[in-house]
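Report on the structure given below.
The values are calculated or read from the model by the stated rules, or taken from the named source; none is laboratory data. Just so it is clear, the structure is predicted and the values come from calculations on it, not from any experiment. Cβ coordinates were reconstructed from backbone atoms using ideal geometry, including for glycine residues, and neighbour counts include every protein chain displayed. In case anyone asks, the SASA skips ligands and DNA or RNA and just uses the protein heavy atoms, side chains included. Shrake-Rupley method; radii C 1.70, N 1.55, O 1.52, S 1.80 Å.
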Amino acid sequence: IELASLLDNDQYLKETLGLKSESVLTLFIPNTYTFNWNTSATQFIERMQAEYKKFWSAERKQKAKMINLSQSQVSILASIVQSEQMQFPEERPVIAGLYLNRLRIGMPLQSDPTIIFAIGDYTINRVLDKDKEIESPYNTYLHQGLPPGPIYIPEISSIDAVLNYQKNDYLYMCAKEDFSGKHNFSKTLNEHNRNAQRYR
């Protein structure tokens, strides 16, 4: 309860971490940590902050700078990239490159997992057109740019997939028609529509 109230306290988060309650989850780097049973909520946050600083090496900070994203924004994008490809991590740098292309040209990310997060129903298998009209800062169909926070805590490999993204010209992706869980990537809407037709 003490930890939950700290993570919801915007004044504490801003003064201590320079974060908001929407983006505080970007502080947590998934790893194995050892804690004493009597660790207080404040001590836990301090430890997470120390681990975060250790994780964000000069090299990683430089890579984030090269793609014009803050450290929090890298984690937010990584959470979307990972949500789009849970099964085949090798596709994540490709997807990261695609989304960075969209961000660069001001094109909405149009990510279905952000809609599912906005609705809060994780049993949804297919996002419908009516779902894409839901008013939420996490609706990346309605709002350009990144949402205000991660849609969950991304793995280190997903953060690194964004920082080491594949340079490509892709703007679109569609699930492969063989239902393998992989994607067809395309540069043009016409090409994407043909991929989508094959999938359907």
Using only the Cα atoms of the stretch 30-131, each taken as one equal point scatterer with no solvent, compute I(q) by the Debye sum, divide by I(0), and report log10 of the ratio at q = 0.15, 0.20, 0.24 Å⁻¹. -0.84, -1.13, -1.28
Carbon plus sulfur fraction of accessible area for the stretch 94-200, probe 1.4 Å, in percent: 49 percent
Using a/c under 1.5 as the rounded threshold, could you call the stretch 97-199 rounded, prolate or oblate? The axes a ≥ b ≥ c are square roots of the C-alpha gyration tensor eigenvalues, and prolate needs a/b larger than b/c, oblate otherwise. rounded
24 Å Cα-Cα reach of residue 53 towards lysines, excluding residues that sit fewer than 8 places from it in its own chain: 14, 20, 61, 63, 65
Quick note, the stretch 146-200: a/c under 1.5 would make it rounded; otherwise a/b > b/c is prolate and the rest oblate (a ≥ b ≥ c, C-alpha gyration tensor); here it is prolate
Could you tell me the accessible area of residue 56 in Å² (1.4 Å probe, neighbours in place), rounded to the nearest ten? 10 Å²
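Sort 186, 83 by heavy-atom solvent-accessible area, probe 1.4 angstrom, most to least.
83, 186
Using a/c under 1.5 as the rounded threshold, could you call the stretch 24-78 rounded, prolate or oblate? The axes a ≥ b ≥ c are square roots of the C-alpha gyration tensor eigenvalues, and prolate needs a/b larger than b/c, oblate otherwise. Can you show the working numbers first?
Details: a/c = 2.96, a/b = 2.34, b/c = 1.26.
Prolate is the answer for the stretch 24-78, as a/c is 1.5 or above and a/b outweighs b/c.
So which GluC sites (Glu not before Pro) in the stretch 100-200 end up in coil per DSSP with only 12 or fewer other C-beta atoms within 10 Å? Mind dumping the intermediate values first?
On the way: sites: 133, 135, 155, 177, 191; in loops: 135, 155, 177.
The qualifying sites are 135.
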No solvent, one uniform scatterer per C-alpha: report log10 I(q)/I(0) for the chain via the Debye equation at q = 0.08, 0.15, 0.17, 0.19 1/Å, two decimals. -0.30, -0.98, -1.21, -1.44
Taking only protein heavy atoms into account and a 1.4 Å probe, give the accessible area per residue of the stretch 53-191 in Å². 52 Å²
With a cut-off of 8 Å between alpha carbons and a minimum separation of six or more residues, what is the relative contact order of the stretch 106-152 in percent? 47 percent
How high is the FRET efficiency between residue 123 and residue 62 when r is their beta carbon distance and R₀ equals 30 Å, given to the nearest 0.05? 0.15
Within straight cross-link reach of residue 182, meaning Cα distance under 15 Å, which aspartates and glutamates are found once same-chain residues fewer than 8 apart are removed? 84, 90, 91
Asserting the computed 222 nm helical MRE of the chain (DSSP H runs at least 4 long, -39500 (n - 2.57) per run, divided by residue count, to nearest 500) equals -14000 deg cm²/dmol
Normalised by the residues of the stretch 1-123, what does the relative contact order come to in percent, with Cα pairs under 8 Å and at least six apart? 16 percent
Treating only the Cβ atoms of Lys and Arg (+1) and Asp and Glu (-1) as charged, compute the dipole magnitude of the chain about its Cα centre; round to the nearest 20 debye. 720 debye
